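I have placed the structure first, in the form of structure tokens, so that the comments after it can refer back to it.
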Amino acid sequence: MKIDIFDTLEEFEKIREDWDRIYCEDQESHLFLSWQWLQKYLSHRHRWFVLALKQEGDAYYCAFLPLKVSTYQDEKTKLFCDEIRMAGNYGADYTGFLCRPGLEDAAADAFSAYIGRENWTTLTFDYFYTASSRLDRLLAAFPQTEFSQTSNERSNSDNIDNTICPYVTLPESWEAYLATHMSAQTRQKLRRFMRMVEASPDYRISHATRETIERDLDTLFRLWRIKWAERKGSKVDRLITLTREMLLDAFNQGALDVPVLWYKDRPLGVLANLLDRQKKTVMFYITGRDEEWTTPSPGLLLHGFAIRDAIAEGYRIYDFLRGNEAYKYSFGVEERRIRSMLVRTLSGRNLRNCLNPRSVEHVYERAVELHKQGALDRAEPGYRQVIHTMPTHTRARYGLAQLFDDKGEHDEAEYLYKGLLATMPGAGKIQHRLGDSQMAQGHYGEAAETFEALLARHPLLSLVRYKLGVALCATGRGEEALSIFTSFEDILSDDPDHMRCKLKAHEAVIRLRAALQGQQHEVPEPAQTPVSIASQPKVLVSPKQTLDASVRLPTAAPLLEPSLPSGISAHLQARPSKPGEAGSRIKH
């Protein structure tokens, strides 16, 4: 067996012929595993992939399993964890995999072996047919000595069992259906209501067209919201958005029927039924009804007309999908059961302690967002996990270095910046941040070397020029600092950074000259002439080297507050930037 991976819509398009053939052959296939439904559903989503199985020597694929990766951050460990789930989850009432008949076990074994080589903490198998052996075969590859296996059934405050899926096997005629599937009382009521609607000019049933679909869906969700908004809470808007998106896709593919029951101009109820013409199945997906209207019952009428139309059009199944609500049993249903299982690593961490490759960029972006929000304790594990999974991820290293600066751990930041510069020696923005970190630690001589090297390559970086002057001043090299500050007068620019730095440099020159003059007057006898500070070549002095105390500016109290002549501030900040972006965020 050979598995190929498809994770783009272009690749998915190429396997449609094989997919459609297996879909027709597989007795367990359903609309939510159809190529048509998945193609639209996946087009709105990310980090999905399809496992395509092929037997050795066979030109055609024999099985498909659509999957999706999602990621969450563990609240206790703050580590990011990956979850692999069925690709149609949250839109589909059934999932599973497609397979050519007779190869079910071999396909399940091949799929589970591949999944075992992926990095994940949680593996979710939702909405598999209970009558099928496919789920058990998949689960067998994850023994409970190495993984935990638990039921993943969702609780329901309305006491509805969503593992039960009622459905009607439709006979050849409407009259046969009424005679064999309904009680005498319900049959009589339905006949009476249907005659009322068909005979009265005040009642009518419309079906959505391209001109009315938006209006009809608006009506559906307006009525649905009235009933469910309180129970669904903050999720209601997102549920409506995603469901509407899916229904519109189905409608545009000719796979959705939206009947609306009207009394004059008042909509009483709306159904949204998905149509699977290949499997001759109608799937009732969602409804909205006027809760103030009682007789005739909008739900009974709409489903009655929908079932009659389905029989007339040759459909064989009317599926009410998940949930054993009492009203469904008025239509003479049978029950199909589904189950959901959750497999989890015993450690609560991803297998191999690495992120899933499909999650690396997602976790990096999430770490950057947390960093922007100031949640450093939550951002740091993300940066670290990205680096552990992909050591060459320079943006994560850069982001982690900035985070260390924000935490005040400037030595760690310096180490990371130097590592980045070893592989990207021309990265000026990283070199700028390295100088900032060195300044923050009071390593002014090293910072001066860093800024001077950067300025040699980029002489128009005014902020770097100013910081170089500050660093030189803080190491006691006043004449060199003075030369740097006065050099702003030789540069013509209307850049805001330059103008700001030039103003600060002008102030620094005044105070630095006064400080140097004061030092000259403090030189002890017998020498009565001012001390001459020799002009230094452009070779910077290490902070560990000592200068004559009579010509050194004090360098006590390092870190962010170097002792400088009054008015010379190291707290000039770079243009604002975000974690993971260019520019300096540390103030000096």
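Using a 10 Å cut-off around each Cβ, can you sort 340, 347 from fewest to most neighbouring Cβ atoms? Could you put the intermediate results ahead of the total?
On the way: 340 20, 347 9.
Fewest-to-most ranking of 340, 347: 347, 340.
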- [ ] List 80, 221, 193 from most exposed to least, where exposure is judged by having the fewest other Cβ atoms within 10 Å.
- [x] 193, 221, 80
Task: Alpha carbon centroid spacing (whole Å) that separates region 105-153 from region 308-338 - done: 29 Å
TODO: Show me 453-463, 144-154 ranked by packing, highest mean number of other Cβ atoms within 10 Å first.
DONE: 453-463, 144-154
Task: Nearest 10 degrees, 0 to 90: helix 298-312 Cα axis against the chain principal axis - done: 70 degrees
- [ ] Choose one of 318, 79, 96: the residue whose Cα lies farthest towards the positive end of the charge dipole of the chain (beta-carbon charges +1 Lys, Arg; -1 Asp, Glu; about the Cα centre).
- [x] 318
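Looking at this model, which pairs from 68/232; 232/264; 372/407 are more than 20 angstrom apart at the alpha-carbon?
Values: 68/232 25 Å; 232/264 31 Å; 372/407 13 Å.
Beyond 20 Å between Cα atoms: 68/232; 232/264.
Pairwise over distinct Cα atoms, reciprocal of the mean inverse distance: report the Kirkwood radius of region 181-246 in Å, one decimal place.
Values: mean 1/r = 0.0674 Å⁻¹.
Taking every pair of different Cα atoms in region 181-246, averaging 1/r and inverting gives 14.8 Å.
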TODO: Excluding residues on the same chain fewer than 8 positions from residue 14, give the aspartates and glutamates whose Cα lies under 18 Å from its Cα.
DONE: 4, 58
- [ ] Within 10 Å of each residue's Cβ, count the other Cβ atoms and sort 414, 452 from fewest upward.
- [x] 452, 414
Open item on the list: Output the 0 to 90 degree angle, nearest 10, between the alpha-carbon long axis of helix 410-423 and the longest principal axis computed from the alpha carbons of the chain.
Closed with: 80 degrees
Task: Hypothetical label at residue 2: residues of region 42-64 whose amide nitrogen lies under 15 Å (7 Å Cα-Cβ projection) - done: 52-63
Task: Listed peptides 87-100, 107-120, 417-430 by packing density, highest first (mean Cβ within 10 Å) - done: 87-100, 107-120, 417-430
Task: Nearest 10 degrees, 0 to 90: helix 236-252 Cα axis against the chain principal axis - done: 60 degrees
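None of the figures in this text is laboratory data; all of them are computed from the coordinates on show. In this text, all values refer to a predicted model and were calculated from it rather than measured experimentally. Note that we place each Cβ from the backbone using ideal geometry, even for glycine, and neighbour counts take in every protein chain shown.
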